[in-house]
Amino acid sequence: MSSSLTREGLLQAYRTMRTIREFEERLHVDFATGEIPGFVHLYAGEEASATGICMHLNRDDYIASTHRGHGHCIAKGVDPVGMMAEIWGKATGTCKGKGGSMHIADLDVGMLGANGIVGGGGPLICGTALASKLRGSNNVGVCFFGDGASNQGTIFEAMNLAAVWKLPVIFVGENNGYAEATASNFSVACENIADRASAFGMPGVIADGFDFFAVHEAAGEAIKRAREGGGPTLLEVKLSRYYGHFEGDQQTYRAPGEVQKLRETKDCLMQFARRVTSRGELTMAELEAIDVEVKTLIDASVVKAKADPLPKPEDLMADVYVSY
Amino acid sequence: MTQVINAWSRIAVLSVPPRPALVGIIANPASGRDIRRLTSRASVFPNAEKASMMVRAIAGLEAAGVRDVMIMPDSGGICGPLFRALSVTTGSPVTVQPRFIDMPVTSSADDTLRATELMCQAGAGAIIVLGGDGTHRAVAARCGQVPLLALSTGTNNAFPEMREATVAGLAAGLLATGAVPAEVAVRRNKLLRVRCDDRTDIALVDLCVTRHNYVGSRAVWDSALLEELFVAFAGADAIGLSAIAGQLEPVTRSAPHGLHVRCADTTLTPQQVIVPIAPGLISAVGIREYGRLLPGQPVVLAPQSGTIALDGEREIEFDPSNRISVELDLHGPLTIDVAAVLENAARRRVLRHYAGRPA
């Protein structure tokens with residue numbers, strides 16, 4: 001799979017990662033003003049994971065996300081302008097302003113939703129995968145979860161179900177080293193989340209989450225296997241978040257300079273740009289043009305979000321129930 | 001009967017080992033979890049089993065008279081199970097308390113490099129390594145003249161052996177204490193040196209130039225992407241990339257040469273070899289030509305762009321602007337020949353003693 005990236009594919013990968021980064025960096029600034037309601041959990045630093053995985057997915061494949069879901073949404077094709085409005089609680093948002101950061105969902109693009117329930121995505125994605133299997137389609141489901149969720153019963157149950165029914169599911173354990181403020185090497189009873197796959201008889205693979213190409217390649221094999229009826233895979237992506245668990249988290253549990261060192265030495269965007277330009281596949285000018293376009297898009301999304309109307313009180317009960 | 005009794009010493013030789021000895025143990029908690037679990041039928045080697053192997057090795061070391069064992073620390077993947085395994089009282093009693101090296105844990109190959117350096121500085125007489133070819137490559141880069149006891153913890157390795165750790169510990173201990181002399185116990189290995197502009201690196205078994213564009217997920221399994229292969233040794237019964245050379249012209253670990261194979265797409269050459277390129281994955285590899293690789297005669301490559309895999313893992317990305325050369329070096333790391341150690345011990349009756357008349 002590593003050689004299958006076209007020039008257009010490389011440009012798309014960079015644009016997606018840059019959009020996520022710009023979106024999150026902007027929220028980091030704007031949230032501090034106190035104008036944004038609710039909580040936000042930022043995905044900055046983890047962009048290679050969502051991007052490397054979702055680039056293999058079609059519109060009718062499903063993903064289930066986490067409370068740190070902005071990156072998954074953008075990578076799966078949710079409109080960032082609608083997302084920004086949603087986070088600002090506006091009626092023009094992806095969920096009409098009633099969901100906020102932790103409940104952004106867009107079924108039209110296969111995004112089942114960010115999810116405030118830690119480990120809540122596993123059973124949901126098994127549902128879509130079972131539907132896919134019963135319908136005879138080759139759609140797959142991807143369940144993103146974190147190292148904290150890796151200890152939840154829902155995730156174990158979902159892995160068991162996916163294994164016994166041989167469902168087309170890719171369990172993506174994004175191990176950023178901390179479940180809120182608890183280090184994963186304190187709370188996870190094995191060195192690698194991937195090790196747990198063997199208990200369910202499925203392959204367990206580790207990918208470097210700072211390296212887009214490593215994630216893209218491993219995810220490509222896992223998704224191909226699922227589409228071909230090979231069953232589920234557990235893919236552990238080792239990465240790090242650049243900000244706190246939530247905005248406002250003082251992060252006293254992290255070593256001084258930990259994030260700065262990662263930004264300077266391992267950053268996924270930096271590594272990606274260095275590699276594709278040193279080989280002449282893309283030019284710095286092309287990447288910088290994307291940077292400008294993305295910044296313009298995110299700036300505009302914030303201006304629009306601020307100006308857009310709030311939901312009306314009479315819309316409170318709308319969209320609460322779904323008719324079958 | 002008199003002759004037989006004369007063959008037994010009244011003193012247990014190993015109750016007073018020839019010299020106090022320190023042995024290091026390095027186990028890689030991350031080995032055996034790469035993409036080959038998806039692209040072939042490679043299995044996962046549990047860290048709990050690595051910890052169990054370490055305890056069995058320590059039992060062997062203790063029986064050979066070793067009282068000081070240094071362990072590479074990790075963030076809990078092996079150290080945790082190791083403590084649990086040490087508390088189990090079945091089997092030979094293990095009274096040696098291994099000590100963990102006081103060093104920061106980075107959960108990367110840097111830990112292996114650092115631990116190896118510190119073990120060598122502390123005067124280790126041997127280092128037991130549990131891991132794959134990649135782990136051994138990292139240790140070999142820093143171990144100098146300290147001999148390695150190379151144990152495989154996976155299904156895709158050529159350099160380390162699949163061997164019972166108890167026996168391995170006994171052999172490492174007999175060497176480290178001087179109960180068996182180094183000249184009969186230790187073997188010199190070859191290695192491959194690659195230079196890519198200013199960067200240099202080594203491989204212990206094979207070095208492969210591939211058309212993979214990026215290091216990516218590291219492993220190499222697609223035979224259609226192989227350009228050139230260099231091997232320091234290649235068993236006809238090998239698994240992995242060196243198996244290609246092993247089926248063309250087997251090269252022993254002691255032979256004063258390696259092999260250089262130029263591969264080709266199977267649609268472009270009628271010459272093909274069928275090899276187990278990964279566990280459960282048997283591939284046809286097209287062969288353009290091959291010949292012996294001699295020490296001191298670097299081969300300069302003129303590739304387009306791609307990656308260089310060292311012992312089966314992509315490590316170096318290159319493009320046409322890079323100048324790359326590969327050379328065979330006969331002065332690689334030392335490894336302990338377990339069978340030779342124990343045969344020597346048997347011949348010299350090192351492990352025999354006469355316990356006296358039964359009560």
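The values are calculated or read from the model by the stated rules, or taken from the named source; none is laboratory data. Keep in mind the model is a prediction, meaning the values are calculated, not measured. Positions of Cβ are backbone-derived with ideal geometry, glycine not excepted, and every protein chain shown enters the neighbour counts.
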Checklist entry - If you go through segment A:267-289, how many residues are at pLDDT 95 or above, in a loop (DSSP other than H, G, I, E, B) and crowded, with 17+ Cβ neighbours inside 10 Å? => result 2
Checklist entry - What residue, among those in segment B:229-238 that are surrounded by fewer than 24 Cβ atoms within 10 Å (Cβ to Cβ) and in contact (Cβ under 8 Å) with a residue 24 or more places away in the chain, is nearest to the other protein chains (Cβ to nearest Cβ)? => result B:ALA238
Next on the checklist: Can you list residue pairs whose Cβ atoms sit under 7 Å apart, with the first residue in segment B:206-226 being in the same structural domain as B:ASP319 (by TED's automatic domain parsing) and the second being aliphatic (A, V, I, L, M) and at pLDDT below 90? Count only pairs 6 or more apart in sequence or on different chains.
Outcome noted: B:SER217/B:ILE35; B:ALA219/B:ILE35
Checklist entry - On the given criteria, is B:PRO160 closer than 29 Å to A:ARG196 by Cβ, away from chain A (no Cβ under 14 Å) and touching a Ser or Thr at 6+ places or on another chain (Cβ under 9 Å)? => result yes
Checklist entry - Limited to segment A:290-324, what total is found for residues that are part of a loop (DSSP other than H, G, I, E, B) and of a type in the set (Asp, Glu)? => result 2
Item to check | Residue count, segment A:278-314 (criterion: acidic (Asp, Glu) and within 17 Å of A:MET17 (Cα to Cα)) | outcome: 5
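Residues checked against (1) part of a loop (DSSP other than H, G, I, E, B); (2) within 14 Å of another protein chain (Cβ to nearest Cβ); (3) polar (S, T, N, Q):
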residue	(1), (2), (3)
B:ASP34	yes, yes, no
B:LEU38	no, yes, no
B:SER75	yes, yes, yes
B:GLN97	yes, no, yes
B:THR106	yes, yes, yes
Checklist entry - For B:LEU14, which of the numbered conditions (1) at pLDDT 85 or above; (2) outside any loop (DSSP other than H, G, I, E, B) fails to hold? => result (1)
Checklist entry - Is it the case that B:GLY178 is assigned to a loop (DSSP other than H, G, I, E, B), surrounded by 23 or more Cβ atoms within 10 Å (Cβ to Cβ) and on the phi > 0 side of the Ramachandran plot? => result no
Checklist entry - Restricting to segment A:189-218, what's the tally of residues that are within 7 Å of chain B (Cβ to nearest Cβ), of a type outside the set (Gly, Ala, Ser) and outside any loop (DSSP other than H, G, I, E, B)? => result 5
Next on the checklist: If I ask for residues that are away from every other protein chain (no Cβ under 14 Å), without any contact (Cβ under 8 Å) to a residue 40 or more places away in the chain and part of a helix (DSSP H, G or I), which ones from segment A:1-46 would you list?
Outcome noted: A:GLU8, A:GLU25, A:VAL29
Checklist entry - Restricting attention to segment B:142-159, which residues are touching a residue at least 60 places away in the same chain (Cβ under 8 Å) and more than 23 Å from B:ALA21 (Cα to Cα)? => result B:THR153, B:GLY154, B:THR155, B:ASN156, B:ASN157, B:ALA158, B:PHE159
Item to check | Count of residues meeting criterion [in a loop (DSSP other than H, G, I, E, B) and either in contact with a strand residue (DSSP E or B) (Cβ under 6 Å, 6 or more places away or on another chain) or of a type in the set (S, T, N, Q) (or both)] in segment A:47-79 | outcome: 4
Checklist outcome for this item: Note on segment B:41-68: residues in a loop (DSSP other than H, G, I, E, B) and more than 10 Å from chain A (Cβ to nearest Cβ) are B:ALA64, B:GLY65, B:VAL66, B:ARG67
Next on the checklist: modelled with pLDDT under 90 and in the same structural domain as B:GLY178 (by TED's automatic domain parsing): is that true of B:ARG137 in this structure?
Outcome noted: no
Item to check | Condition check for B:ASP68: modelled with pLDDT of 95 or more and acidic (Asp, Glu) | outcome: yes
Checklist entry - Hey, among B:LEU130, B:LEU113, which residue is within 14 Å of chain A (Cβ to nearest Cβ) and either touching a Lys or Arg at 6+ places or on another chain (Cβ under 6 Å) or modelled with pLDDT under 90 (or both)? => result B:LEU130
Item to check | Within segment A:247-261, considering residues that are assigned to a loop (DSSP other than H, G, I, E, B) and charged (D, E, K, R), the one farthest from the chain's Cα centre (by Cα) | outcome: A:ARG254
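Conditions (1) of a type in the set (Ser, Thr, Tyr); (2) within 30 Å of A:LYS98 (Cβ to Cβ); (3) in contact with a Phe, Trp or Tyr (Cβ under 7 Å, 6 or more places away or on another chain), marked per residue:
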position: A:GLY119; (1), (2), (3): no, yes, yes
position: A:ILE125; (1), (2), (3): no, yes, yes
position: A:THR128; (1), (2), (3): yes, yes, yes
position: A:SER137; (1), (2), (3): yes, no, no
position: A:GLN152; (1), (2), (3): no, yes, no
position: A:GLU157; (1), (2), (3): no, yes, no
position: A:LYS166; (1), (2), (3): no, no, no
position: A:VAL188; (1), (2), (3): no, no, no
position: A:PHE200; (1), (2), (3): no, no, no
Item to check | Residue ID - surrounded by the fewest Cβ atoms within 10 Å (Cβ to Cβ), chosen from residues in segment B:254-297 that are part of a strand (DSSP E or B) and out of contact with any strand residue (DSSP E or B) (no Cβ under 7 Å at 6 or more places or on another chain) | outcome: B:LEU281
Item to check | Exclusive hit being within 14 Å of chain A (Cβ to nearest Cβ), buried (at least 24 other Cβ atoms within 10 Å of the Cβ) and modelled with pLDDT of 95 or more, set B:LEU241, B:LEU226 | outcome: B:LEU226
Checklist entry - If we keep just the residues of segment A:219-233 that are under 20 Å from B:VAL215 (Cα atoms) and facing chain B (nearest Cβ under 8 Å), which is nearest to the chain's Cα centre (by Cα)? => result A:ALA222
Item to check | Flag for A:ILE87 being modelled with pLDDT of 95 or more and away from chain B (no Cβ under 14 Å) | outcome: yes
Checklist entry - For segment A:159-182, which residues satisfy the criterion of being assigned to a helix (DSSP H, G or I) and closer than 11 Å to A:LEU234 by Cβ? => result A:MET159, A:ALA162, A:ALA163
Next on the checklist: I need every pair where a residue in segment A:269-281 that is more than 9 Å from chain B (Cβ to nearest Cβ) has its Cβ under 6 Å from the Cβ of a residue that is crowded, with 16+ Cβ neighbours inside 10 Å, sequence separation at least 6 or different chains.
Outcome noted: A:LEU269/A:MET17; A:PHE272/A:PHE212; A:ALA273/A:LEU287; A:VAL276/A:LEU10; A:VAL276/A:LEU282
Checklist entry - Of everything in segment A:51-67 that's closer than 19 Å to A:PRO123 by Cβ and under 10 Å from the mean Cα position of the chain (by Cα), which residue is surrounded by the fewest Cβ atoms within 10 Å (Cβ to Cβ)? => result A:HIS67
Checklist entry - With respect to A:ALA64, is the statement that it is over 19 Å from A:TYR242 (Cβ atoms), touching a residue at least 60 places away in the same chain (Cβ under 8 Å) and either touching a helix residue (DSSP H, G or I) at 6+ places or on another chain (Cβ under 8 Å) or among the charged types (D, E, K, R) (or both) true? => result yes
Checklist entry - touching an Asp or Glu at 6+ places or on another chain (Cβ under 6 Å), among the polar types (S, T, N, Q) and either within 27 Å of A:ASN138 (Cβ to Cβ) or more than 14 Å from chain B (Cβ to nearest Cβ) (or both), is that true of A:THR94? => result yes
